[in-house]
Amino acid sequence: MNGVLEQLGIDPVWIFAFLFILQIVLIVLLIILNSRYRHLQKSYNVFMKGRNGKNLEKSILKKFRELDEISELVRENEDKIKKISENMERHYQKAGIVKYDAFHEMGGNLSFVLTMLDKNDNGWIFNAMHSREGCYTYIKEVVKGEAYIELSGEEQECLEKAIYQEEYDISSPDSRKDDNAGTESE
C-alpha cells in the first residue's frame with residue numbers, strides 16, 4: 001500500500017492526520033446530537049407526563065371542550081355588552097344647566113333650567129323659577145331635540161347646551177345680562 005501512496009505523492013501521515021481530525025469532528029457532532037436528543041426526550045416526557053396515547057387523547061379532547069365553553073362565554077358576553085350599549089342609548093347622557101334671575105328682584109341667579117337628554121336627544125327640561133313669594137317649577141318634554149311647548153330664552157339656551165354638549169358657562173351675571181340683551185334686541 002505504501003507503493004500506491006508513494007506513486008500518488010501522498011504521505012501516509014497526512015491521511016492519518018485527516019482521519020484523526022475527522023474522527024474528532026464526528027465525536028463532537030455525536031455529543032451535540034446526544035445533547036439535543038436528551039433535551040427533546042425531556043420535552044416529550046413533560047408533554048406526556050406519564051400518559052399513554054388514550055389518556056393524552058382524553059386530555060386534548062377535554063381542552064377542546066374547555067375552548068368551546070370559553071367561546072360560548074365570549075358570545076354571551078358580546079350579546080350582554082350589545083344589550084347594555086342599546087340600553088345606554090335610552091339613559092340620560094347629556095345635560096345642560098342655565099342659571100338666571102327670573103324676576104330681576106332677588107339678586108343673584110337663583111332660578112335655573114336643567115335639561116336632561118338621552119343619546120337621541122329625548123328627555124325633559126326642568127325650569128325652577130324663584131321669587132320672593134315662592135318657587136315655581138315647570139317641566140317640558142323634549143323629543144328628538146325639540147319641545148312641543150314654547151320655550152323661554154333660558155330654556156332654549158339650556159336645550160342647546162345639552163344637545164351640543166357645551167361647557168357650563170360660569171361667567172358673571174353681568175355678562176349673561178349683556179348676552180340676553182343682545183339676543184332680545186335682534
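The values are calculated or read from the model by the stated rules, or taken from the named source; none is laboratory data. Treat the numbers as computed from the prediction; the structure is a model and nothing was measured. Virtual Cβ from ideal backbone geometry, glycine too; neighbours counted across all protein chains shown.
If you take the residues in the stretch 124-144 that are under 14 Å from A95 (Cβ atoms) and in contact with a helix residue (DSSP H, G or I) (Cβ under 8 Å, 6 or more places away or on another chain), which one is surrounded by the fewest Cβ atoms within 10 Å (Cβ to Cβ)? Here the answer is V142.
Taking the condition under 30 Å from G123 (Cβ atoms), over 34 Å from the mean Cα position of the chain (by Cα) and free of Cβ contacts under 8 Å to residues at least 40 places away in the same chain, does A17 pass? Taking the combined requirement at face value, the residue does not satisfy it.
Of these, I81, I31, I24, which one is of a type in the set (V, I, T), closer than 30 Å to A162 by Cα and at pLDDT 90 or above? Write out each step before concluding.
On the way: I31 fails: closer than 30 Å to A162 by Cα; I24 fails: closer than 30 Å to A162 by Cα.
The unique qualifying residue is I81.
Candidates L110, L117: the one that is in contact with a strand residue (DSSP E or B) (Cβ under 9 Å, 6 or more places away or on another chain), hydrophobic (A, V, I, L, M, F, W, C) and surrounded by fewer than 18 Cβ atoms within 10 Å (Cβ to Cβ) is L110. The set of residues in the stretch 100-134 being within 18 Å of E157 (Cα to Cα) and in contact (Cβ under 8 Å) with a residue 60 or more places away in the chain consists of Y100, D101, N109.
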